[in-house]
Amino acid sequence: TLQEIMGSNNKNGRSAFSANSLFVKRVVGLPGDTHIKMDAVTEEVAIGGVPAVGPNRNLCDDEPLKLIDRLLDKYGKGIDVEELGPHEVYVLGDCKAVSVDSRVFGTLPTSNVVGKPLARIWPLSRFTFGPL
């Protein structure tokens, strides 16, 4: 689970995440999509041999500790998905150097998708209102 991946305890001994925690990710794989693979060198994701749809995912500076690489090595549940089930989606974040997304935690049930962002407010240089 995401709690296992991100760490289950904070300094108070409670989970850092709850069932109500929200994350904003881009849905790139839909139910029935096949052959979802992450290139081990570029860490780019292809679906059915075609690069996943979305904007430039190199929007953040590389994180010097390379924590995402450690998470991919340890968990990597979404680096090779044969087929998405009828109620599964594959999600990616916009900052592949730091984003914990389906590459790490695998597919998500469609019931976990609760809405669509209306705006991007951070960083201010990328402020966007409307479809993202």
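Structure values in brief
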quantity: Region 47-57, subset surrounded by fewer than 14 Cβ atoms within 10 Å (Cβ to Cβ) and either at pLDDT below 85 or within 14 Å of the chain's Cα centre (by Cα) (or both), residue farthest from Val27 (Cα to Cα); calculated: Asn56
quantity: Condition check for Val24: at pLDDT 75 or above, surrounded by 12 or more Cβ atoms within 10 Å (Cβ to Cβ) and in a strand (DSSP E or B); calculated: no
quantity: Pair list, Cβ under 7 Å, 6 or more apart: region 78-106 residue more than 18 Å from Pro51 (Cα to Cα) and without any contact (Cβ under 8 Å) to a residue 60 or more places away in the chain, other residue among the acidic types (Asp, Glu) and surrounded by fewer than 18 Cβ atoms within 10 Å (Cβ to Cβ); calculated: Val98/Glu63
quantity: The lone exception for Gly85 - which of (1) modelled with pLDDT under 90; (2) assigned to a loop (DSSP other than H, G, I, E, B); (3) of a type outside the set (Ser, Thr, Tyr) it fails; calculated: (1)
quantity: Neighbours by Cβ (under 8 Å, 6+ apart or cross-chain): first from region 107-124, under 30 Å from Glu83 (Cα atoms); second open to solvent by 60 Å² or more (accessible area, probe 1.4 Å) and hydrophobic (A, V, I, L, M, F, W, C); calculated: Val113/Val27; Val114/Leu22; Pro117/Val24; Pro117/Leu132; Leu118/Phe129
quantity: Residue within region 11-21 that is exposed (fewer than 15 other Cβ atoms within 10 Å of the Cβ), within 16 Å of the chain's Cα centre (by Cα) and at pLDDT 65 or above present; calculated: yes
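The values are calculated or read from the model by the stated rules, or taken from the named source; none is laboratory data. This one's a predicted model, so the numbers in the text were calculated from it and none came from an experiment. When we count neighbours, we look across all protein chains shown, and the Cβ atoms used for this are built from the backbone with ideal geometry, even at glycine. All accessible areas refer to the heavy atoms of the entire protein, side chains included, with ligands and DNA or RNA removed. Shrake-Rupley method; radii C 1.70, N 1.55, O 1.52, S 1.80 Å.
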